[in-house]
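The values are calculated or read from the model by the stated rules, or taken from the named source; none is laboratory data. All values reported here derive from a predicted model rather than from experimental measurement. Glycine also receives a Cβ, built like all others from the backbone with ideal geometry; neighbour counts cover every protein chain displayed.
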Amino acid sequence: MNSQDIILKTTGLGKSFKGFSAVNDVNLDVTRGNIHALIGPNGAGKTTCFNLLTKFLEPTSGKIVFNGVDITNEKPAQIARRGIIRSFQISAVFPHLSVLENVRIALQRKLGTEFYFWKSVNSLNILNTKAEALLLEVGLIDFINEEAVNLPYGRKRALEIATTLAMDPELMLLDEPTQGMGHEDVERVTELIARVSIGRTILMVEHNMNVVSTIADRITVLQRGSILAEGSYQEVSTNPLVVEAYMGTHVEGDA
């Protein structure tokens, strides 16, 4: 594989908390244009990995390279400016603003005009066309004037994905995008992720194996902070170590 195809690479990535190794020697290669899933039992270190990649936590060891540049020592804001944008596990939208306003604010942040507080709200109308296009992409165009607080849970997650897309991510990190959803919402959000992944790269933490088997191009299985297996769904789901550690138990959530 051409090294240019690797958008994100970690080498020996580790994180210890007071002697406890939460993530240990994780070597991750995320291929440009793929959906790459991180899976594993409770306490496997999936969310800790995400926190290291977005620099919400500082690695104890190892290196993070994005687009060939070492970003290990960069701050969260620098990481975001490079195009690594994370959609949070807890829905991160403004509840009492409309769906359109939520996306518009995200577009405004991308423009760097959030400090122009003296400008009239109408000056943001230039962003409406782009915001409406994003809402069409995530299936929320019919909810454009609805307050975010009134959206059903699955639609809230779609709005969260729209606000993440508004930041123009080169690498989109999705943290448990279907957690807490009923079957219908899971299907809708899975289909949405597959749709918005076209021309984009997605790294996702996901506990729902149906979701992973449906849309992931590559899967990394973590156990106790280390990589247990990696490959296609077919490869990891038939790996005896994975079956023993993960597939045989019904897993919800993560550490």
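Numbers for the structure displayed
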| quantity | calculated |
| --- | --- |
| Residue ranges of strands (runs of 3 or more DSSP E) in region 1-107 with at least 2 members among the polar types (S, T, N, Q) | 6-17, 20-31 |
| Flag if Thr113 is modelled with pLDDT under 90 and among the hydroxyl-bearing types (Ser, Thr, Tyr) | yes |
| Search result, residues across region 1-22 that are crowded, with 18+ Cβ neighbours inside 10 Å and modelled with pLDDT of 95 or more | Ile7, Leu8, Lys9, Thr10, Leu13, Gly14, Lys15 |
| Verdict on Val236 being modelled with pLDDT of 90 or more and in contact with a Ser or Thr (Cβ under 6 Å, 6 or more places away or on another chain) | no |
| Evaluation of Ile39 against (1) surrounded by 23 or more Cβ atoms within 10 Å (Cβ to Cβ); (2) modelled with pLDDT of 95 or more (one fails), failing number | (2) |
| Test for Ala158: is it of a type in the set (A, V, I, L, M), out of contact with any Gly (no Cβ under 8 Å at 6 or more places or on another chain) and in a helix (DSSP H, G or I) | no |
| Check on Met181, among the aliphatic types (A, V, I, L, M) and surrounded by 21 or more Cβ atoms within 10 Å (Cβ to Cβ) | no |
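Here is a yes/no grid of residues against (1) at pLDDT 95 or above; (2) within 16 Å of Ile227 (Cα to Cα); (3) of a type in the set (Val, Ile, Thr):
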{"residue": "Thr47", "(1), (2), (3)": "no, yes, yes"}
{"residue": "Leu52", "(1), (2), (3)": "yes, yes, no"}
{"residue": "Asp70", "(1), (2), (3)": "yes, no, no"}
{"residue": "Ile79", "(1), (2), (3)": "no, no, yes"}
{"residue": "Ser91", "(1), (2), (3)": "no, no, no"}
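For every residue, the table says whether it meets (1) touching a residue at least 40 places away in the same chain (Cβ under 8 Å); (2) buried (at least 22 other Cβ atoms within 10 Å of the Cβ); (3) not assigned by TED's automatic domain parsing to the domain that holds Gly62.
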position: Thr190; (1), (2), (3): no, no, yes
position: Asn208; (1), (2), (3): no, no, no
position: Thr214; (1), (2), (3): no, no, no
position: Ile219; (1), (2), (3): yes, yes, no
position: Ser232; (1), (2), (3): no, no, no
